[in-house]
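First comes the structure, then the notes that go with it.
The values are calculated or read from the model by the stated rules, or taken from the named source; none is laboratory data. All values reported here derive from a predicted model rather than from experimental measurement. Positions of Cβ are generated from backbone atoms using ideal geometry, with glycine treated the same way; all protein chains shown enter the neighbour counts.
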Amino acid sequence: MVVGVDVTNFIAISKSSKEALKSANLLKSVQINCLIEGDIGTGKTTLAKYIVPNAPIINGNNFDEILNLSTLSNVAIITDFENITNLQKLYEIISKNRIRIIATTKKKINDDLFDQFFGVKIFLPSLKERIEDLKPLARYFFNEAKKTLGIDIDEHSIDYSKLDLSQNCISLKRSIYFYILSKNLKDNEIISILEIFLEKNIGTTDDYRKFLYLYEAPLIKVALNKYKSQLQVAEQLGLNRNTLRKKINDLKDFL
């Protein structure tokens, strides 16, 4: 059991996540509009669903749905609030029909706009700033991936330093799934993946040389990690040292 995981899978281990969850718990019992601010993949929609579990979710890009808001519910989650094109119309709809909104945004909303629509703001920092949440989140996605993919693998094999946090939970989840899949790929499956890539990218008279890096880069990278020196790498791979140095230089972006 992972401490701090509620039914919406919002992890609350770090100080900032605990504060956000505390605010969310208060908002479950009071009818106040709330804005949840944070970068992509920080858990904004998950937290909004925790506050109002049965509310419809409307994307700010879909103004037709926003116009029909009064027919949907007396409470709604609006994602990408910053993309709404007619905020005055939204304000008229929610005021006239007494609709409560829990909104999420990736961009900072100016104070006047915030004061017009909301009573409370919750900010969710990036995962790099909530590092205590990383391992519980990774374990959650790891167990989910094992079940979804039907692959049994020891979670202690995860190298947390190699997990992708560039898009927070979105990239973290993707890198966990990729990690589990990559640990279980057979050679014919690797060939199939390369076929898909090459099918979209070949088309010049120099394709053979152009795509050799797909084989050479991982081979040399693994050899450099495994052996103590470039001399040993050259000997093990059957390459001239000067040839190896040139390839390392050519492939530096991948090594």
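Scanning segment 212-254 for residues that are among the polar types (S, T, N, Q), in a helix (DSSP H, G or I) and more than 25 Å from D187 (Cα to Cα) returns Q230, Q232, N242, T243, N249. For segment 22-49, how many residues meet the condition of being among the hydroxyl-bearing types (S, T, Y), under 19 Å from N168 (Cα atoms) and surrounded by fewer than 23 Cβ atoms within 10 Å (Cβ to Cβ)? Residues in segment 22-49 being among the hydroxyl-bearing types (S, T, Y), under 19 Å from N168 (Cα atoms) and surrounded by fewer than 23 Cβ atoms within 10 Å (Cβ to Cβ): 2 in total.
The lone criterion from (1) modelled with pLDDT of 95 or more; (2) closer than 22 Å to S23 by Cβ; (3) over 26 Å from the mean Cα position of the chain (by Cα) left unmet by Y91 is number (2). State whether one or more residues within segment 133-148 are at pLDDT below 95 and over 21 Å from the mean Cα position of the chain (by Cα). No - not one qualifying residue is present in segment 133-148. Restricted to segment 62-90, and to residues there that are of a type in the set (S, T, Y) and assigned to a helix (DSSP H, G or I), the residue that is farthest from K108 (Cα to Cα) is T71.
Being in contact with a helix residue (DSSP H, G or I) (Cβ under 7 Å, 6 or more places away or on another chain), of a type in the set (F, W, Y) and closer than 24 Å to F197 by Cα is the filter here, so list the residues in segment 210-255 that pass it. Of everything in segment 210-255, those that are in contact with a helix residue (DSSP H, G or I) (Cβ under 7 Å, 6 or more places away or on another chain), of a type in the set (F, W, Y) and closer than 24 Å to F197 by Cα turn out to be F211, F254. Restricting attention to segment 95-109, which residues are outside any helix (DSSP H, G or I) and of a type in the set (S, T, N, Q)? Correct list: T104, T105.
Residues that are part of a loop (DSSP other than H, G, I, E, B), among the polar types (S, T, N, Q), under 30 Å from S17 (Cα atoms) and at pLDDT 95 or above do not occur anywhere in segment 170-190.
Within segment 76-117, if we keep just the residues that are small (G, A, S) and surrounded by 12 or more Cβ atoms within 10 Å (Cβ to Cβ), the residue that is farthest from N54 (Cα to Cα) turns out to be A103.
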